[in-house]
Amino acid sequence: MCGICGTAGFGDPATIREMARSMIHRGPDDEGYFESTLPAVYLANRRLSIIDVEGGRQPVYSEDRSVVAVQNGEIYNFRELRKDLESRGHTFNSLTDSEVIPHLYQEYGEDFPQHLDGMFAIALWDSSNRKLLLVRDHVGIKPLYLWQREDQLAFASEVKAFMPLRQFTPRLDLDGLHFLLNVRFVPGERTLFGGVRMLPPATVLVWETGGTRERRFWELPADPDPSIKKPEEGLEQTRYLLARAVRKQMVSDVPLGLYLSGGMDSSSLVAMAANNGGGAVKTYSLGFNEPTDELADSRLVAEAFATDHHETTISFDALSIMPEVTWHVEEPKENAIQLYLLSRYASGHVKVALSGLGGDELFGGYRIFDYARPMVIPERFAGRSLNRTLLWPLRNFLSVLTGNLGSMKWDLARRAMDGALSLGVPERWYPILRNMWEHDRRLFKGIYTSSARKTIETGVESFFAPFFAATHPDIREEILRTEFRYKMVDDFLLNEDKTSMANSLEVRVPFLDRELVEFAFSIPARVKFSGGHLKVVLKKAMEGILPERTLQKPKWGFTFDSYYQFQKDLRYLAERQLTREFMESQGIFQHTFIRGILDHPPHRWMRWHYFLLWLILGVKVWQDLFIFGKKPDECYGT
């Protein structure tokens, strides 16, 4: 696990070193550089030593040094690849996983990523053919940011590595901000930084003098397997693939542990790890000091599998570290703080941790599918014409009537109405379930200033439209794939990577093993939600293995409760930071909207508003950090 960065078509030795050192937290153990002047190509690596601690330095080279690579991540099948490459005449100088990359490229050219099993972001320079390859893993576990101007290209594991470039000026992308405020993350290639984009998962970008080209090297199965008709038909394969994934990803030359929330996904990993042998596994849990804490559930699983269990509880107001977390995550994310604290705690004991992320996306564990279930059959027959001619006009009429209900707490009911009357237009009702409000012109005008409204060009609904163009009979199939491709990658995985790397901790995600992913998406949605329940296949696969209470435990999620946070410290901070004077100088948000939330008596139905307030406060923190150059401890002032 490391941080990588580089430039092509421009650059110099001093700048590449400054870029790499901006990410020293990602790799405190070592640093490595490669420099080429004709053409100008510079590669850098910050190393967190996991495999071959003493000998696994980067960059890594082919025998004749014509191919050089740096990598962030882990290649789990490197031993099998190495054995095959040695049989073909290749020689190696270390035992590290990264060294297979240049040799694999010599054998398979631009197709080499198809042979890798792991999580990775790779930069590879082929000096003989004068081309640079940038690669991101199949699922998108490891991030890779791009900045490009004409024939100049820069890449990095984190955007802050671009700050030393004199050609780069950080600025806020208002379209990216609009996505963040609507669905709480920025989906796809877009970021909050104008001119910076993310390389998509399963993609190879090739830079050569004169331009770049991209192509994908892997896709999810296009359709589920219709021969799988009952949950029982997927149980054995699910158990087998999950156990194998855990076994592969427990390989480490340094101490390793597991995150344990007490939910089914992390508990399943603990069960598989405990059956691997090798003594008691180490487990780590975090409590929020709120009624929604799950520490008791974690202890139950830890006791069942005799783990070496460790837990801690947040004993301070979480928003006090929002600037620190935002600096590392590079987005103001309310669901990143808890991961940051957990990884900080675990990193005091181990250098590698396994996370249960991905289980909900593969097997359908989120409550959004409960909300979608009643719409499966009506959605099939409603169609866009019915929505256009009847449902949405009815919605517009009712919104005028309900708009007279002055209390903000009724916004939640209005948005529930909007979702129900979006039937026939899944690219609208899906993001509404994910908090979208851009369709509500009253809110749109109330939240943004007129100048900000004129600047926003890209709509959330139009972004998601292409992903609901398929003809699967069950709309939940499209939702599963959309959640997997965007919500998981651009929200959860990004949080997992940034918060763990901030604390020099490598986090692995066994549920996102490629073969397990492919198998899970071969199971039809109607089977995954058999009997109207969530996560049926995984739950049945773990029967007799996990405690019954764990299997029956309702989904909560590893998150704070915004209603409690508003009363703890969010209200106080927003009062101090989001003043009329600041809001008018910022020119993005209407102060009257902020004031309306702050003046309204606290109410559970206001959770949506509190999350939005949290994000708006976070945008100010983000601007202070990345636009105005403040340090995290300077953001809130005195």
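What the table shows:
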quantity	calculated
Subset of the stretch 149-160 [surrounded by fewer than 23 Cβ atoms within 10 Å (Cβ to Cβ) and of a type in the set (D, E, K, R)]	R149, E150, D151, K160
Only listed residue being assigned to a helix (DSSP H, G or I) and under 22 Å from L612 (Cα atoms), chosen from R395, R415, R388	R415
Test for R88: is it among the charged types (D, E, K, R), over 25 Å from A154 (Cβ atoms) and surrounded by 19 or more Cβ atoms within 10 Å (Cβ to Cβ)	no
Within the stretch 145-165, tally of residues that are at pLDDT 95 or above and of a type in the set (K, R)	1
Any hit, the stretch 21-31, residues being touching a residue at least 12 places away in the same chain (Cβ under 8 Å), under 28 Å from the mean Cα position of the chain (by Cα) and closer than 25 Å to E208 by Cβ	no
All strands (runs of 3 or more DSSP E) inside the stretch 169-271 with 2 or more residues being of a type in the set (A, V, I, L, M) and surrounded by 15 or more Cβ atoms within 10 Å (Cβ to Cβ)	196-198, 203-208, 256-259
For L104: the one exception among (1) out of contact with any His (no Cβ under 7 Å at 6 or more places or on another chain); (2) crowded, with 22+ Cβ neighbours inside 10 Å	(1)
Residues (in the same structural domain as V425 (by TED's automatic domain parsing) and small (G, A, S)) located in the stretch 467-511	A469, A470
The listed residue being out of contact with any Lys or Arg (no Cβ under 9 Å at 6 or more places or on another chain) and over 25 Å from D561 (Cα atoms), out of N289, N275	N275
Qualifying strands (runs of 3 or more DSSP E) (wholly inside the stretch 1-96; at least 2 residues being basic (K, R))	40-47
Residue list for the stretch 199-257, restricted to those being within 12 Å of F519 (Cβ to Cβ), of a type in the set (S, T, Y) and more than 24 Å from the chain's Cα centre (by Cα)	Y240
Among the residues listed as M606, M583, the single one being closer than 24 Å to R414 by Cα, surrounded by 20 or more Cβ atoms within 10 Å (Cβ to Cβ) and not assigned by TED's automatic domain parsing to the domain that holds S268	M606
Residue in the stretch 404-412 that is in a loop (DSSP other than H, G, I, E, B), over 32 Å from the mean Cα position of the chain (by Cα) and touching a residue at least 60 places away in the same chain (Cβ under 8 Å) present	yes
Yes/no for L570 being surrounded by 20 or more Cβ atoms within 10 Å (Cβ to Cβ) and modelled with pLDDT of 95 or more	no
Residue within the stretch 351-373 that is more than 25 Å from S268 (Cβ to Cβ), assigned by TED's automatic domain parsing to the domain that holds A469 and either in contact with a His (Cβ under 6 Å, 6 or more places away or on another chain) or of a type in the set (K, R) (or both) present	no
The stretch 25-49: number of residues that are touching a strand residue (DSSP E or B) at 6+ places or on another chain (Cβ under 6 Å) and among the β-branched types (V, I, T)	1
Within the stretch 407-426, tally of residues that are hydroxyl-bearing (S, T, Y) and more than 25 Å from E478 (Cβ to Cβ)	1
Unmet requirement for M542, which otherwise passes all of (1) assigned by TED's automatic domain parsing to the domain that holds G358; (2) at pLDDT below 95	(2)
Lone qualifier among F288, F217 - being among the aromatic types (F, W, Y) and in contact with a Pro (Cβ under 8 Å, 6 or more places away or on another chain)	F217
Output for the stretch 464-480, where each listed residue is surrounded by fewer than 20 Cβ atoms within 10 Å (Cβ to Cβ) and closer than 18 Å to V183 by Cα	A465, P466, F467, F468
Test: S522 is part of a loop (DSSP other than H, G, I, E, B) and either of a type outside the set (D, E, K, R) or over 21 Å from P200 (Cβ atoms) (or both)	yes
Number of positions in the stretch 458-483 that are part of a loop (DSSP other than H, G, I, E, B) and either closer than 16 Å to G188 by Cα or of a type in the set (F, W, Y) (or both)	2
Residue, farthest from G257 (Cα to Cα), within the stretch 293-316, restricted to residues that are touching a residue at least 24 places away in the same chain (Cβ under 8 Å) and out of contact with any Ser or Thr (no Cβ under 9 Å at 6 or more places or on another chain)	S315
Within the stretch 18-33, considering residues that are surrounded by 22 or more Cβ atoms within 10 Å (Cβ to Cβ) and modelled with pLDDT of 95 or more, the one farthest from V251 (Cα to Cα)	M19
Scan of the stretch 431-457 for residues that are among the hydrophobic types (A, V, I, L, M, F, W, C) and either assigned by TED's automatic domain parsing to the domain that holds I523 or assigned to a helix (DSSP H, G or I) (or both), ordered by number	I432, L433, L443, F444, I447, A452
All helices (runs of 4 or more DSSP H) inside the stretch 272-381 with 1 or more residues being over 28 Å from R247 (Cα atoms) and under 22 Å from the mean Cα position of the chain (by Cα)	322-329, 337-346, 368-372
Options L386, L412; residue that is modelled with pLDDT under 85, surrounded by 14 or more Cβ atoms within 10 Å (Cβ to Cβ), farther than 18 Å from M436 by Cβ and in the same structural domain as T471 (by TED's automatic domain parsing)	L386
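Table: residues versus (1) surrounded by fewer than 24 Cβ atoms within 10 Å (Cβ to Cβ); (2) under 28 Å from P221 (Cβ atoms).
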| residue | (1), (2) |
| --- | --- |
| H115 | yes, yes |
| S127 | yes, no |
| W147 | yes, no |
| F162 | no, no |
| R166 | yes, no |
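The values are calculated or read from the model by the stated rules, or taken from the named source; none is laboratory data. This structure is a prediction, so every number in the text was calculated from the model and none was measured. All Cβ positions, even for glycine, are placed from backbone atoms using ideal geometry, and neighbour counts span all protein chains on display.
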